[in-house]
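Reading through the structure tokens given below for one structure.
All of the numbers you see were taken from the coordinates with simple rules; none came from a lab. Bear in mind the structure is a predicted one, so any value in this text is a computation, not a measurement. Every residue, glycine among them, receives a Cβ derived from its backbone with ideal geometry; neighbour counts consider all protein chains shown.
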Amino acid sequence: MPYFVYRIHPPKRLERVDAFERYRDARERVRAMRKSASPGEPVVRMIFAADEAQAEQLLRETREPRPAGEE
């Protein structure tokens, strides 16, 4: 399964940047993009998914916050 890199524009508009087979390659790309980003630019996220449709579904999900005190 590949690692997808996305820019997330408000309100949850997704822009696929790239896909990588190796975690290390995807991580390096995300870190470089975050480092060169100026304030106000879209959030950059990496997601591990079977395909692009699943990646976008996972990124659009609203996740419940973890209960206080749970680690």
Practice prompt. Amide H neighbours of Ala49 under 5 Å, at least 5 residues apart or on other chains, H built in the peptide plane: list them.
Written response: Phe4
Worksheet item: Say we join alpha carbon atoms closer than 10 Å with springs in a Gaussian network model of the chain; which of Val44, Val17, Val30 then has the biggest fluctuation?
Response: Val17
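Counting only helical runs of four or more DSSP H residues, what would the 222 nm mean residue ellipticity of the chain come to if each run contributes -39,500 (n - 2.57) and the total is spread over all its residues?
Estimated from H runs of four or more residues: -10000 deg cm²/dmol.
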Worksheet item: Which loop chymotrypsin sites (Phe, Trp or Tyr not before Pro) in the range 1-68, with loop taken from DSSP, have no more than 12 other Cβ atoms within 10 angstrom of their Cβ?
Response: none
Worksheet item: What are the trypsin sites (Lys or Arg not before Pro) within the chain that DSSP puts in a loop, where the Cβ has at most 13 other Cβ atoms within 10 Å?
Response: Lys12, Arg22, Arg63
Practice prompt. Only loop residues by DSSP count here, and only those with at most 11 other Cβ atoms within 10 Å; note down the GluC sites (Glu not before Pro) in the range 1-66 that meet that.
Written response: Glu21, Glu61
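State the dimensionless ratio Rg/Rh of the chain (Rg: radius of gyration of Cα atoms; Rh: Kirkwood radius). It would help to have the intermediate numbers written out before the result.
Details: Rg = 13.3 Å, Rh = 13.2 Å.
Taking Rh as the inverse mean 1/r over Cα pairs, Rg/Rh reads 1.01.
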